[in-house]
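Below is one structure, written out as structure tokens; comments come after it.
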Amino acid sequence: MMQISGRITTNHKNAACVAAALKPDNLNSLTTTAADGRVTTTIAGIQVRTVIASVDDYLMNLAIAEDACSVITE
């Protein structure tokens, strides 16, 4: 069985807010953390299609979280 994994790290003005907004979408295959102005999400899976779908969903949710958190000041 093939194991697929990767990490997406993005910079944000309010990284804690973005990470908090993304955490409800975390499944067993996703882990999201915030530190030093960065949001890091680790994605893992055994099927390429599933991992690609998870990344696609994550990126859409990331854009929405960034928009929502941009109006909040730290």
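The values are calculated or read from the model by the stated rules, or taken from the named source; none is laboratory data. None of these values were measured; they are calculated from a predicted model. Accessible surface is based on the protein model in full, side chains and every heavy atom, while ligands, DNA and RNA are left aside. Shrake-Rupley method; radii C 1.70, N 1.55, O 1.52, S 1.80 Å.
All C-alpha to C-alpha distances of the chain, sorted into 10 Å bins beginning at zero, yield P(r) values of 21, 52, 22, 5, 0 percent in whole numbers. The alpha carbons of the range 31-72 stretch over 37, 20, 9 Å along the principal axes, in descending order. Highest mobility in the GNM of the chain, judged by mean-square fluctuation with C-alpha springs under 10 Å and restricted to 16, 35, 44, is found for 35. Taking every protein chain into account, the accessible area of the chain amounts to 68 square angstrom per residue (probe 1.4 Å). A probe of 1.4 angstrom, applied to the heavy atoms of all protein chains, finds residue 27 with accessible area near 110 square angstrom. Connecting C-alpha atoms closer than 10 Å in a GNM of the chain, tell me which of 30, 22, 59 has the biggest fluctuation. Sorting by GNM fluctuation, first place goes to 59. Taking all protein chains as shown and a probe of 1.4 angstrom, residue 38 keeps an accessible surface of around 110 Å². Solvent-accessible area of residue 57, all protein chains in place: 90 Å² (probe radius 1.4 Å, heavy atoms, ligands and nucleic acids excluded). For the chain, the share of accessible area belonging to carbon and sulfur comes to 55 percent (1.4 Å probe, ligands and nucleic acids excluded). Its relative contact order, with pairs defined as Cα atoms under 8 Å and 6+ residues apart, puts the chain at 38 percent.
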